[in-house]
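Chemist: First the structure, then my questions, so here it is.
The values are calculated or read from the model by the stated rules, or taken from the named source; none is laboratory data. Just so you know, these numbers come straight off a predicted model, no measurement behind them. We place every Cβ from the backbone using ideal geometry, glycine too, and count neighbours over all the protein chains shown. To get the accessible areas, we keep the full protein, side chains included, count just its heavy atoms, and leave off ligands, DNA and RNA. Shrake-Rupley method; radii C 1.70, N 1.55, O 1.52, S 1.80 Å.
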Amino acid sequence: MASANAAVKPGDSITPENSAQVKDLVSPGVYYAVTHGMHMDIVAPERIEWPPPYREATEKYSSQVRLTNDHRSLIGYVAGQPFPLIDPNDPYVGTKVIWNNVWRPIQSDDYDLRFFDCQSQYVRPGQDQNMIADFEIGHYAGYNLFGRTEVEPIPVDPDFKQSGRMWLFAEYPVLSPENMRGNGIIRYRYMEPKRGDDSWDWQPGTRRVRRLNEAILSSATNASTFDPDHYSGFNPKTEQYNYKFLGDKQMLASVHAVHSPENTCAYDGGATACPEDWEMRHVYIVEATPRRDIGQAGNALDKLSNVYVDAELGFQPYIDTYDRSGRLWRAHIYWLAYRDRPVPDARVAIYPFKREFVVGAAAIDVQGNYSTMCYLPGQHTPEHECWYINMGAIDKDFCSVKAMVASAP
């Protein structure tokens, strides 16, 4: 590992020409992106601290958390990170790393991402961007009923006892393209291990709400390569997958991004964000395999995913998905920034401590050389403060079918 780390140092610029230097320091999916044009600026690593309320909740509650007898679900969890002490020799360490990802410190209460855009295009090394589709969405929002640390009610919303819902998610309305204007999706996750997610979408063209089959949550639709299970990293129903710990190592990740909005990469046809800062990080690698005997995982198109989880963040800087023949299929890459506000000139979304913000995300079909790159905040949106995290910006009613339908232009 020492020789691999020595291959790069702060101040280096990585391009396709010297991409071999990072081959052992990134996932195969990220390496594909680098060899196809994405540039990296290597910087010195910096420590990332958890938000103080999340850290305090971890110290208060984590000692009482354990896995259920079948080693799939949690018992005793209240708030914070469930397993702050990771032992690589633990036979169930892979499952524990994934549960840390579920209850990660990026957000614990609520969030509202306002006005962001995603651009789809073919990966075109050395060529200009040729955009196939440009999506603009009004809100990407969520509300946790469990594990709350900053906004009352803390730590559990009383509605949890009646509904059993862990979290609520809403993405609506689509503002462009015109043929999708007004579309939206609502999704609910339940604490009950065997109960799958409920989800609905709204299509103004047909003027009807449609209940979605679970299988569609792991499927990309329209001209986008993103599926709902990867909107925010690895996010399918936790119990519907088996987990195998593949190890931990020092790897490159972009967790102190300097651009907001992100730069459209001029070297790969706009498939990724670059140039951007990348640094060495301690990363856990977990193989996630769909259980074919339960829920939506029985219909998942992928054979397995390798989930790369940053040990400090409890969030993955990238995920590689493999098709049923075992070939690399999709690469998901996330760029994060660590600051006290999402954009330098923010006036409302300002925090008393630094926290992580996802400022860019790409889903790349490496077999079809096709990418959807999302900018958070959007590059050309009317309101660019963008991220409102744990500020009470939305409530449970916002994540309802009624609100989604009412918002359609």
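Chemist: Can you say whether D109 is of a type in the set (D, E) and either touching a His at 6+ places or on another chain (Cβ under 6 Å) or surrounded by fewer than 21 Cβ atoms within 10 Å (Cβ to Cβ) (or both), as far as the supplied structure shows?
Modeler: So D109 does not fit the description; no.
Chemist: Could you please find all residues in the stretch 347-361 being more than 24 Å from P275 (Cβ to Cβ), open to solvent by 10 Å² or more (accessible area, probe 1.4 Å) and either within 19 Å of the chain's Cα centre (by Cα) or not hydroxyl-bearing (S, T, Y) (or both)?
Modeler: R347, V348, I350, P352, F353 - these are the residues of the stretch 347-361 that are more than 24 Å from P275 (Cβ to Cβ), open to solvent by 10 Å² or more (accessible area, probe 1.4 Å) and either within 19 Å of the chain's Cα centre (by Cα) or not hydroxyl-bearing (S, T, Y) (or both).
Chemist: Only one of G205, G196 is of a type outside the set (K, R) and either surrounded by fewer than 16 Cβ atoms within 10 Å (Cβ to Cβ) or out of contact with any helix residue (DSSP H, G or I) (no Cβ under 6 Å at 6 or more places or on another chain) (or both). Can you tell me which?
Modeler: Exactly one of G205, G196 is of a type outside the set (K, R) and either surrounded by fewer than 16 Cβ atoms within 10 Å (Cβ to Cβ) or out of contact with any helix residue (DSSP H, G or I) (no Cβ under 6 Å at 6 or more places or on another chain) (or both), namely G205.
Chemist: Residues of the stretch 242-255 being touching a residue at least 60 places away in the same chain (Cβ under 8 Å), out of contact with any Phe, Trp or Tyr (no Cβ under 6 Å at 6 or more places or on another chain), open to solvent by 10 Å² or more (accessible area, probe 1.4 Å) and not basic (K, R), which ones?
Modeler: Within the stretch 242-255, Y243, F245, L246, G247, Q250 qualify.
Chemist: Could you please let me know if S120 is in contact (Cβ under 8 Å) with a residue 24 or more places away in the chain, of a type outside the set (V, I, T) and not in a loop (DSSP other than H, G, I, E, B)?
Modeler: yes
Chemist: Would you kindly identify the strands (runs of 3 or more DSSP E) lying entirely within the stretch 343-409 that contain at least 2 residues that are among the acidic types (D, E)?
Modeler: Correct list: 355-365.
Chemist: Take the residues in the stretch 290-323 that are within 19 Å of the chain's Cα centre (by Cα), outside any loop (DSSP other than H, G, I, E, B) and among the small types (G, A, S); name whichever of them is modelled with the highest pLDDT.
Modeler: Ranking the candidates gives S305 first.
A quick yes/no check of all residues on (1) acidic (D, E); (2) surrounded by 18 or more Cβ atoms within 10 Å (Cβ to Cβ); (3) at pLDDT below 95; (4) not in a loop (DSSP other than H, G, I, E, B):
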| residue | (1), (2), (3), (4) |
| --- | --- |
| N18 | no, no, no, yes |
| G29 | no, yes, no, yes |
| Y32 | no, yes, no, yes |
| G37 | no, yes, no, no |
| D41 | yes, no, no, yes |
| E46 | yes, no, no, no |
| A57 | no, yes, no, yes |
| S63 | no, no, no, yes |
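Chemist: Let me ask you something else. Could you list, in sequence order, all residues of the stretch 371-391 that are closer than 18 Å to D320 by Cβ and open to solvent by 30 Å² or more (accessible area, probe 1.4 Å)?
Modeler: None - no residue of the stretch 371-391 is closer than 18 Å to D320 by Cβ and open to solvent by 30 Å² or more (accessible area, probe 1.4 Å), so the list stays empty.
Chemist: For the condition in contact (Cβ under 8 Å) with a residue 24 or more places away in the chain, small (G, A, S) and touching a Leu at 6+ places or on another chain (Cβ under 8 Å), what is the one hit in A141, A79, A133?
Modeler: Going through A141, A79, A133 in turn, just one is in contact (Cβ under 8 Å) with a residue 24 or more places away in the chain, small (G, A, S) and touching a Leu at 6+ places or on another chain (Cβ under 8 Å): A141.
Chemist: Turning to a different aspect of this structure: Give me the pairs: first residue in the stretch 386-401 and touching a residue at least 40 places away in the same chain (Cβ under 8 Å), second residue surrounded by fewer than 16 Cβ atoms within 10 Å (Cβ to Cβ) and assigned to a helix (DSSP H, G or I), beta-carbon distance under 8 Å, and six or more apart or on different chains, which are they?
Modeler: Pairs that qualify, where the first residue is touching a residue at least 40 places away in the same chain (Cβ under 8 Å) and the partner is surrounded by fewer than 16 Cβ atoms within 10 Å (Cβ to Cβ) and assigned to a helix (DSSP H, G or I), are K396/D159.
Chemist: In the stretch 136-193, how many are over 18 Å from D112 (Cβ atoms) and of a type in the set (D, E)?
Modeler: Residues that pass the stated criteria total 3.
Chemist: I would also like to ask the following. For Q81, work out the one condition from (1) in a helix (DSSP H, G or I); (2) crowded, with 17+ Cβ neighbours inside 10 Å; (3) polar (S, T, N, Q) it doesn't fulfil.
Modeler: (1)
Chemist: Here's another thing I want to ask about it. Can you work out which of the residues in the stretch 173-215 that are among the β-branched types (V, I, T) and free of Cβ contacts under 8 Å to residues at least 40 places away in the same chain is farthest from A141 (Cα to Cα)?
Modeler: That would be T206.
Chemist: Out of D159, D134, D87, report the one residue that is at pLDDT 95 or above, more than 23 Å from Y351 (Cα to Cα) and either touching a His at 6+ places or on another chain (Cβ under 6 Å) or open to solvent by 60 Å² or more (accessible area, probe 1.4 Å) (or both).
Modeler: Residue meeting the stated conditions: D87.
Chemist: Moving to a separate point now. What are the residues in the stretch 256-281 that are open to solvent by 40 Å² or more (accessible area, probe 1.4 Å) and either within 18 Å of the chain's Cα centre (by Cα) or farther than 19 Å from L25 by Cβ (or both), if any?
Modeler: V258, H259, P261, N263, T264, A266, Y267
Chemist: Within the stretch 90-106, is even one residue surrounded by fewer than 19 Cβ atoms within 10 Å (Cβ to Cβ), of a type in the set (K, R) and assigned to a loop (DSSP other than H, G, I, E, B)?
Modeler: No, that holds for no residue.
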